[in-house]
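Student: Sharing a structure here in structure tokens format.
The values are calculated or read from the model by the stated rules, or taken from the named source; none is laboratory data. None of these values were measured; they are calculated from a predicted model. All Cβ positions, glycine included, derive from the backbone under ideal geometry; neighbour counts span all protein chains shown. Calculation scope for accessible area: heavy atoms of the full protein, side chains included, ligands and nucleic acids excluded. Shrake-Rupley method; radii C 1.70, N 1.55, O 1.52, S 1.80 Å.
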Amino acid sequence: MRVLVSGGAGYIGSHTVIRLVEAGHDVVVVDDFSNAKPTVVGRLEALSGRPIPVHAFDVSDADKTEHLFAHEQIDAVIHFAGFKAVGESVAKPLDYYQNNLDSTFSLLRAMGRHDVRTLVFSSSATVYGAEPQLPMTEDLPTSATNPYGWTKVMIEQVLTDVAAADDRWRIAALRYFNPVGAHASGDIGEDPSGIPNNLMPFVAQVAVGRREKLSVFGDDYDTVDGTGVRDYIHVDDLAAGHVAALDTVNSRSQPMSVWNLGTGQGVSVLQVIKAFERASGRPIPYEVAPRRAGDIAASYADPSKANADLDWRATKTIDDMCADTWRWQSKNPNGYPDA
Ligand code: UD1
């Protein structure tokens, strides 16, 4: 298939581009580079051994998106493009609702007009809300605790309604748990701008000496060691999950499907620190700090629906995830170069 990847220069998008090419698909990227560096593209081309066509614009621009569909042959879309910082979404809710919803509307409209009705959407385990049952199964009710999370809940609802109105659509919403790790080459990885919000990139920057120490947000949760527990999934396993969803969704009888992409294993903050110390051979200094507002004690998937329906499972351990993150971080201590 010829697959349009929105946000294809971003963290998960770039790893998925590699996996798509490896699986024999053709790829077209659209990315506005608001949270990605153009130098990613050269690395994708080097790793995949072929040119990657890139359109540099924001897919919430409906006219440009329509023009792209009018001029490119597209068979399916994987939609990653979106704002994703929880704290920023609380400060700038309108920016988040407008950007994340408009980009989806713009793509859905252009797809419908050009008879492209296969879509894989980047959702998140954040849709299980503030007090989820564990492990999380796809049939649990959805809600959110911040505008970023609400955009995921709302977009899933939009997709459900679009699929219900016209059963020619084949749509998958993939609920990611905590994506970490990097490509085995160490040439593509996560490159957050500013101070990282998420645990793994922060730990990696402490290991490489860019930050002095980690703050562990709370050690009094009801978990194995008191620190927060998450289901970390290697970004390459996640990328493979997108290819599996794309390959599967068209053969399904129902127009809308939802799958958790996780390992099913919970890992605590202290366990991540230990694993990273093993992988890097460096100490990770930390101090215990107050709980972060909005955090839950534990989150992990029941991935059995994706395992069965997609013939897919996450294969990489937390040690693999830390080793690959460390390879990326040590090869690229300041992330991607500007040019
Ligand atoms: C966060 C978002 C989630 C989003 C996901 C994307 C919040 C509340 N949730 O998930 O909506 O989908 O990122 O990847 O922001 N931790 C520390 N010190 C740090 C950073 C994190 O102790 O400096 C702890 C957290 O308290 C948590 C765990 O590490 O227990 C993982 O945190 P993080 O990587 O930010 O992911 P989530 O909060 O699970």
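Student: Expressed as a whole percentage, what fraction of the accessible surface of region 16-58 belongs to carbon and sulfur atoms when a 1.4 Å probe is rolled over the protein heavy atoms?
Tutor: Answer for region 16-58: carbon and sulfur cover 48 percent of the accessible area.
Student: Take every Cα-Cα pair in region 97-209 and report what % of them are more than 18 Å apart. Don't skip to the end; give the middle numbers.
Tutor: Working: 3930 of 6328 pairs.
Roughly 62 percent, once rounded to a whole number.
Student: Pop a pseudo-label 7 angstrom from the Cα along the beta-carbon direction at both residue 167 and residue 195 and give the gap in nm to one decimal.
Tutor: Going from the residue 167 label point to the residue 195 one covers 5.3 nm.
Student: A follow-up question, please. For the chain, what is the percent of antiparallel DSSP beta bridges, rounded to the nearest 5?
Tutor: Details: 2 of 39 bridges.
About 5 percent, rounded to the nearest 5.
Student: Run the paramagnetic zone check for residue 56: 7 angstrom along Cα to Cβ, then residues of region 325-339 with backbone nitrogen under 13 Å.
Tutor: 338-339
Student: Related question: With the full set of protein chains in place, find how many percent of the accessible area of region 64-139 is carbon and sulfur; take the probe as 1.4 Å.
Tutor: 50
Student: If the chain between residue 98 and residue 282 were fully stretched, how many nm would it gain, using 0.36 nm times the residue separation less the Cα-Cα distance?
Tutor: Values: separation 184, 0.36 × 184 = 66.24 nm, distance 4.25 nm.
The residue 98-residue 282 span can extend by a further 62.0 nm.
Student: To the nearest 10 degrees, how steeply does helix 39-48 sit against the main Cα axis of the chain, on a 0 to 90 scale?
Tutor: 80
Student: Using 0.36 nm per residue of separation minus the Cα-Cα distance, give me the extension gain between residue 158 and residue 315 in nm, one decimal. Numbers along the way, then the final one.
Tutor: Details: separation 157, 0.36 × 157 = 56.52 nm, distance 3.20 nm.
Going from the current span to full extension adds 53.3 nm.
Student: For the chain, find the longest principal axis of its Cα atoms and tell me its angle to the long axis of helix 147-165, 0 to 90°, nearest 10.
Tutor: 30
Student: Averaged per residue, what accessible area in Å² does region 252-339 show with a 1.4 Å probe, protein chains only?
Tutor: Accessible area per residue, region 252-339: 49 Å².
Student: Over the Cα atoms of the chain, compute the convex hull volume and normalise it per residue, giving Å³.
Tutor: Measuring per residue, one finds 123 Å³ for the Cα hull of the chain.
Student: Figure the gain on full extension for residue 252 and residue 63 (residue separation times 0.36 nm, minus the Cα-Cα span) and round it to one decimal in nm.
Tutor: 64.9 nm
Student: Taking the simple approach of a point 7 Å from Cα along Cα-to-Cβ for both residue 291 and residue 88, what is their distance in nm?
Tutor: 2.7
Student: Report in % the part of the accessible area of region 205-339 that belongs to carbon and sulfur, leaving out ligands and nucleic acids; probe 1.4 Å.
Tutor: Exposed carbon and sulfur together represent 47 percent of the surface.
Student: What is the total of Lys pairs in the chain with C-alpha atoms under 18 Å apart, excluding same-chain pairs fewer than 8 positions apart? Can you show the working numbers first?
Tutor: Working: 37/84; 37/331; 84/92; 84/152; 92/152; 213/274; 274/316.
Eligible lysine pairs with Cα atoms under 18 Å apart amount to 7.
Student: What is the dipole size for the chain, taken about its Cα centre, with +1 at each Lys and Arg Cβ and -1 at each Asp and Glu Cβ, in debye to the nearest 20?
Tutor: Once rounded to the nearest 20, the dipole reads 480 debye.
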